[in-house]
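S.K.: Let me begin by handing over the structure; questions about it come next.
The values are calculated or read from the model by the stated rules, or taken from the named source; none is laboratory data. Remember, it's a predicted structure, so these values are computed and weren't measured experimentally. Quick reminder, even Gly has a Cβ in these numbers, built from the backbone with ideal geometry, and neighbours come from all protein chains shown.
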């Protein structure tokens, strides 16, 4: 694997999170086939998944008060808090199948930690754990024939600050068998207090990579151009409104969902309403275009199990949202909060 190396930023100030997300895109789009890896750190930042509603997942008042930045990424998954004690890992590969890519990458990370004498293992859909507590969580997305896996590596952490900045639902915590963010995580420093963060980074680089690709001034200009999208209000807040969604439903092995459905009233008593529009939010892993692959197919369908199943008969939900089955999706739609009846 090739290590993509950046020169220090001007003034030694950490680059903002969008720069590093854009660097992943730049490597995937413009560099030849091969596997690339790099590590990065940011000032206090909350990053939420592509389909998450930040008003439901992030304590925005706390973040604004504490100067914590907030950004959206292009991968799915859940909300995370990062600061300079948290190392972010990025991996760009040609592997295209989500389960294989995730499992191979997480296994490489766990193997590296075990070389340090840590009892690391992979678990769930995207975590690396030491014992029964998470030390690394990861997310995934496709881009131009390449795949990107990125995630956290908790060298050290302030669980109280983390738990104040993000607001995971109780359903998610129950699904993981924990009662709080604090009890769910561990750190490298907790187990290896004598190992500095720079020594840990150097160890990971040496054991995961066998060559180096230096980023040039031209690379940095292009990365900066790509990063501009991540700073826009349209991308950060998107179509997810400005209110908290409290009605959440979980599908084991797939993720958490919030569903809002606009319905066309039935033309006559005894007839079914029809779907005008469905909006989906959550920490699921998105593999392809959500609207084209799934939601647009529901427009005009009867709001019944048979109507939904018929509308999705030629769709492959598992190719849009990792692990999702048609029957489970239909059950989710029908069991969500009462739909809104459209007036036009």
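S.K.: Just to be sure before I move on: is residue 284 in the same structural domain as residue 55 (by TED's automatic domain parsing) and either part of a loop (DSSP other than H, G, I, E, B) or touching a residue at least 40 places away in the same chain (Cβ under 8 Å) (or both) in the structure I sent? Walk me through it before giving the result.
M.R.: Details: in the same structural domain as residue 55 (by TED's automatic domain parsing): no; either part of a loop (DSSP other than H, G, I, E, B) or touching a residue at least 40 places away in the same chain (Cβ under 8 Å) (or both): yes.
No, not satisfied.
Results for (1) surrounded by 15 or more Cβ atoms within 10 Å (Cβ to Cβ); (2) more than 29 Å from residue 255 (Cα to Cα); (3) more than 27 Å from the chain's Cα centre (by Cα); (4) at pLDDT below 95, shown as yes or no for each residue.
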| residue | (1), (2), (3), (4) |
| --- | --- |
| 179 | no, no, no, yes |
| 182 | no, no, no, yes |
| 185 | yes, no, no, yes |
| 188 | yes, no, no, no |
| 201 | yes, yes, no, no |
| 204 | yes, yes, no, no |
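S.K.: I would also like to ask the following. Please determine whether any residue of segment 265-276 is in a helix (DSSP H, G or I) and surrounded by fewer than 16 Cβ atoms within 10 Å (Cβ to Cβ). Spell out the reasoning first.
M.R.: Keep residues of segment 265-276 that are in a helix (DSSP H, G or I), which gives none.
Scanning segment 265-276 turns up no residue that is in a helix (DSSP H, G or I) and surrounded by fewer than 16 Cβ atoms within 10 Å (Cβ to Cβ).
S.K.: Might you let me know whether segment 294-315 holds any residue that is modelled with pLDDT of 85 or more, closer than 26 Å to residue 58 by Cβ and either out of contact with any helix residue (DSSP H, G or I) (no Cβ under 7 Å at 6 or more places or on another chain) or not in a loop (DSSP other than H, G, I, E, B) (or both)?
M.R.: In the first step, residues of segment 294-315 are kept if they are modelled with pLDDT of 85 or more; the result is 294-315.
Adding the requirement that they be closer than 26 Å to residue 58 by Cβ leaves 294-295.
Now narrow it down to the ones that are either out of contact with any helix residue (DSSP H, G or I) (no Cβ under 7 Å at 6 or more places or on another chain) or not in a loop (DSSP other than H, G, I, E, B) (or both): 295.
Yes, segment 294-315 contains at least one residue that is modelled with pLDDT of 85 or more, closer than 26 Å to residue 58 by Cβ and either out of contact with any helix residue (DSSP H, G or I) (no Cβ under 7 Å at 6 or more places or on another chain) or not in a loop (DSSP other than H, G, I, E, B) (or both).
S.K.: Now for a different question. Quick one: would you say residue 92 is part of a strand (DSSP E or B) and crowded, with 21+ Cβ neighbours inside 10 Å? Working first, answer last.
M.R.: Values: part of a strand (DSSP E or B): yes; crowded, with 21+ Cβ neighbours inside 10 Å: yes.
So residue 92 passes the test.
S.K.: Additional query: May I ask you to verify whether residue 223 is part of a helix (DSSP H, G or I) and in contact with a strand residue (DSSP E or B) (Cβ under 6 Å, 6 or more places away or on another chain)?
M.R.: Details: part of a helix (DSSP H, G or I): yes; in contact with a strand residue (DSSP E or B) (Cβ under 6 Å, 6 or more places away or on another chain): no.
For residue 223, the condition - part of a helix (DSSP H, G or I) and in contact with a strand residue (DSSP E or B) (Cβ under 6 Å, 6 or more places away or on another chain) - is not met.
S.K.: Also: In the set 108, 84, which member is out of contact with any strand residue (DSSP E or B) (no Cβ under 7 Å at 6 or more places or on another chain), within 28 Å of residue 320 (Cα to Cα) and either at pLDDT 90 or above or assigned to a strand (DSSP E or B) (or both)? Reasoning before the result, please.
M.R.: Details: 84 fails: within 28 Å of residue 320 (Cα to Cα).
Just one listed residue meets the conditions, 108.
S.K.: Let me ask you something else. Given the criterion at pLDDT 90 or above and more than 27 Å from residue 65 (Cβ to Cβ), identify the matching residue among 154, 143, 192.
M.R.: On the way: 154 fails: more than 27 Å from residue 65 (Cβ to Cβ); 143 fails: at pLDDT 90 or above.
Checking each option against the conditions leaves just 192.
S.K.: Could you list all residues from segment 28-62 that are in a helix (DSSP H, G or I) and within 19 Å of the chain's Cα centre (by Cα)?
M.R.: In the first step, residues of segment 28-62 are kept if they are in a helix (DSSP H, G or I); the result is 28-30, 54-57, 60-62.
Listed by number, the residues that qualify are 28, 54, 55, 56, 57, 60.
S.K.: Follow-up. How many residues, within segment 232-258, are at pLDDT 85 or above, in a loop (DSSP other than H, G, I, E, B) and under 19 Å from residue 54 (Cβ atoms)?
M.R.: Residues flagged as at pLDDT 85 or above, in a loop (DSSP other than H, G, I, E, B) and under 19 Å from residue 54 (Cβ atoms) within segment 232-258 amount to 1.
S.K.: Same structure again: Given the criterion surrounded by fewer than 21 Cβ atoms within 10 Å (Cβ to Cβ), in contact with a helix residue (DSSP H, G or I) (Cβ under 9 Å, 6 or more places away or on another chain) and either modelled with pLDDT under 90 or in the same structural domain as residue 139 (by TED's automatic domain parsing) (or both), identify the matching residue among 51, 63. Talk me through it step by step, then tell me what you get.
M.R.: Values: 51 fails: surrounded by fewer than 21 Cβ atoms within 10 Å (Cβ to Cβ).
After applying the criteria, what remains is 63.
S.K.: So, in segment 259-275, exactly how many residues are modelled with pLDDT of 85 or more and closer than 15 Å to residue 52 by Cβ?
M.R.: Summing the residues that are modelled with pLDDT of 85 or more and closer than 15 Å to residue 52 by Cβ in segment 259-275 gives 1.
S.K.: While we're on this one: Could you say whether any residue in segment 118-127 is surrounded by fewer than 19 Cβ atoms within 10 Å (Cβ to Cβ), under 16 Å from residue 195 (Cβ atoms) and touching a residue at least 24 places away in the same chain (Cβ under 8 Å)?
M.R.: Taking segment 118-127 first, the residues surrounded by fewer than 19 Cβ atoms within 10 Å (Cβ to Cβ) are 118-119, 121, 123-124.
Those still in the list that are under 16 Å from residue 195 (Cβ atoms) too: 118-119.
Next, only the ones that are touching a residue at least 24 places away in the same chain (Cβ under 8 Å) stay: 118.
Yes: segment 118-127 contains one or more residues that are surrounded by fewer than 19 Cβ atoms within 10 Å (Cβ to Cβ), under 16 Å from residue 195 (Cβ atoms) and touching a residue at least 24 places away in the same chain (Cβ under 8 Å).
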